[in-house]
1. Taking the range 81-106, which residues are buried (at least 20 other Cβ atoms within 10 Å of the Cβ) and touching a helix residue (DSSP H, G or I) at 6+ places or on another chain (Cβ under 9 Å)?
2. Considering only helices (runs of 4 or more DSSP H) fully contained in the range 1-49, which possess at least 2 residues that are in contact with a strand residue (DSSP E or B) (Cβ under 9 Å, 6 or more places away or on another chain) and more than 30 Å from residue 75 (Cβ to Cβ)?
3. I'm told residue 163 meets every condition in (1) within 13 Å of residue 87 (Cα to Cα); (2) touching a helix residue (DSSP H, G or I) at 6+ places or on another chain (Cβ under 7 Å); (3) modelled with pLDDT of 60 or more except one. Can you identify the failing condition by its number?
4. Among (1) closer than 18 Å to residue 63 by Cβ; (2) surrounded by 12 or more Cβ atoms within 10 Å (Cβ to Cβ); (3) in contact (Cβ under 8 Å) with a residue 40 or more places away in the chain, there is one condition residue 73 misses while meeting the rest; what is its number?
5. Can you name the residue in the range 12-32 that is farther than 22 Å from residue 101 by Cβ, without any contact (Cβ under 8 Å) to a residue 60 or more places away in the chain and surrounded by 19 or more Cβ atoms within 10 Å (Cβ to Cβ) and, of all such residues, is nearest to the chain's Cα centre (by Cα)?
6. Any chance the range 66-73 includes a residue that's modelled with pLDDT of 90 or more, touching a helix residue (DSSP H, G or I) at 6+ places or on another chain (Cβ under 8 Å), over 17 Å from residue 143 (Cβ atoms) and outside any strand (DSSP E or B)?
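The values are calculated or read from the model by the stated rules, or taken from the named source; none is laboratory data. Just so it is clear, the structure is predicted and the values come from calculations on it, not from any experiment. Cβ coordinates were reconstructed from backbone atoms using ideal geometry, including for glycine residues, and neighbour counts include every protein chain displayed.
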């Protein structure tokens with residue numbers, strides 16, 4: 001979507017909203033963008049801002065994510081500055097539990113994207129236990145905000161509405177101005 005928006009010369013949020021007819025989808029995108037202070041993509045060297053959207057089980061739960069990243073200009077390490085999630089999971093019985101579940105999806109997705117990898121040598125996998133497999137993200141709660149959009153739909157599981165979409169979100173940072181290393 002971002003590449004299409006770029007080709008059309010349109011902001012990625014505006015492009016998505018223009019092509020959506022589902023009011024729940026529009027609402028989570030607009031809510032995430034508003035809470036994140038969306039001003040479009042960053043053109044600053046070493047900064048990135050991206051937008052993602054997902055529906056879980058077609059229309060059971062909706063999530064929009066705005067993520068802001070920083071790249072250290074000396075060593076090219078990536079740090080998550082802030083993530084804002086807006087989710088519509090229908091009727092919410094336990095808002096705190098839902099928030100925790102969505103934050104957990106963010107933590108897991110950041111870990112998948114920035115930390116986790118299977119390592120190999122010439123003959124086998126060498127990351128064979130938790131000591132040799134890099135994973136986890138610390139202090140993510142301080143940079144993650146969750147906004148719940150309460151619609152009166154049936155209750156659903158929501159972790160997958162947020163988790164696993166980072167492989168799509170992080171690719172959108174590819175057009176940011178990254179430092180040359």
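1. Result: 83, 84, 85, 86, 87, 88, 89, 101, 102, 105, 106.
2. Those helices (runs of 4 or more DSSP H) span 12-19, 23-36.
3. Every condition holds for residue 163 apart from (3).
4. (1)
5. Checking each candidate, the answer is 13.
6. no
Results for (1) assigned to a strand (DSSP E or B); (2) in contact with a strand residue (DSSP E or B) (Cβ under 8 Å, 6 or more places away or on another chain); (3) modelled with pLDDT of 90 or more, shown as yes or no for each residue.
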position	(1), (2), (3)
83	yes, yes, yes
87	yes, yes, yes
93	no, no, no
97	no, no, yes
117	no, no, no
138	no, no, no
147	yes, yes, no
152	no, no, no
